[in-house]
Amino acid sequence: MYTSRNDPREALAQYYASVSEIDEQLGRLVDELDAQGLRESTLVIYTSDHGLNAGHHGIWGKGNGTIPYNVVEESIRVPLIINHPQNVLSGQVRQESVTHCDTS
């Protein structure tokens, strides 16, 4: 996105294309698990970093795109999706914080 920072429309198009590609590839993974008969016995976890501020609050880039650093929602929230058809209840939206750090 560095070459497109002066063109917000192009920057957004590239960012959303990247997100769409991740979605498509995750779908392919789940489809293959179905095809192999492994879906019911496989725990699928999707997480990511917080992505980019794409003009939100006038910020382009990561959370450290401003000085002083910011703590707006788009800079600190990360996705975490857990799916295991027979063991994880679907449709939940949780408010608890999670971390990517292993604290054990």
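The values are calculated or read from the model by the stated rules, or taken from the named source; none is laboratory data. Please read these numbers as outputs of a predicted model, since none were measured by experiment. FYI the Cβ positions are ideal-geometry reconstructions off the backbone, even for glycines, and counts take in every protein chain you see. Only protein heavy atoms, including side chains, enter the accessible area calculation; ligands, DNA and RNA are left aside. Shrake-Rupley method; radii C 1.70, N 1.55, O 1.52, S 1.80 Å.
Each residue of region 20-26 was assigned a 3J(HN,Hα) from its phi angle through the Karplus curve 6.51 cos²θ - 1.76 cosθ + 1.60 (θ = phi - 60°); the sequence is 5, 5, 4, 4, 5, 5, 5 Hz, with glycine and proline shown as x. Dimensions of region 1-62 based on its C-alpha atoms, expressed as ranges along the principal axes with the largest first, amount to 48, 17, 15 Å.
Taking the chain as a Gaussian network of alpha-carbon nodes connected by springs under 10 Å, the highest mean-square fluctuation of the residues ARG94, ARG77, ARG28 belongs to ARG94. Our coupling estimate for region 81-87, obtained by passing each phi through the Karplus curve with A = 6.51, B = -1.76, C = 1.60 and θ = phi - 60°, is 10, 10, 9, 8, x, 9, 10 Hz, Gly and Pro reported as x. When each of the peptides 83-91, 67-75 is scored by the mean number of other C-beta atoms lying within 10 Å of its residues, the order from highest to lowest reads 67-75, 83-91. A simple rule links phi to the HN-Hα coupling: the Karplus curve 6.51 cos²θ - 1.76 cosθ + 1.60 with θ = phi - 60°, which for region 31-47 gives 4, 5, 4, 4, 4, 8, x, 9, 4, 5, 10, 10, 8, 10, 10, 10, 8 Hz, with x for Gly and Pro. Which percent of the accessible heavy-atom area of region 1-103 goes to carbon and sulfur, probe 1.4 angstrom? The value for region 1-103 is 54 percent carbon and sulfur by accessible area.
Of the labelled figures [x] 1.05; [y] 0.99; [z] 1.07, only one reflects Rg/Rh (Cα atoms, Kirkwood Rh) as derived from the coordinates, namely [x].
Of the peptides 6-12, 34-40, the ranking by mean beta-carbon count within 10 Å, highest at the top, reads 6-12, 34-40.
On a per residue basis, the chain carries 79 Å² of accessible surface, using protein heavy atoms and a 1.4 Å probe. Contact order for the chain, expressed relative to its length and based on alpha carbon pairs under 8 Å spaced 6+ residues apart, stands at 22 percent. For LYS62, the residues whose modelled amide H falls within less than 5 Å of its own, excluding neighbours fewer than 5 places apart on the same chain, are ASN53.
A simple count of charges around ARG77, restricted to other residues whose Cβ falls under 14 Å of its Cβ and scoring Lys, Arg +1 and Asp, Glu -1, yields -2.
Over region 46-104, one equal point on each Cα, no solvent: what is log10 I(q)/I(0) by the Debye formula at q = 0.14 Å⁻¹? Relative scattering, expressed as log10 I(q)/I(0), comes to -0.53.
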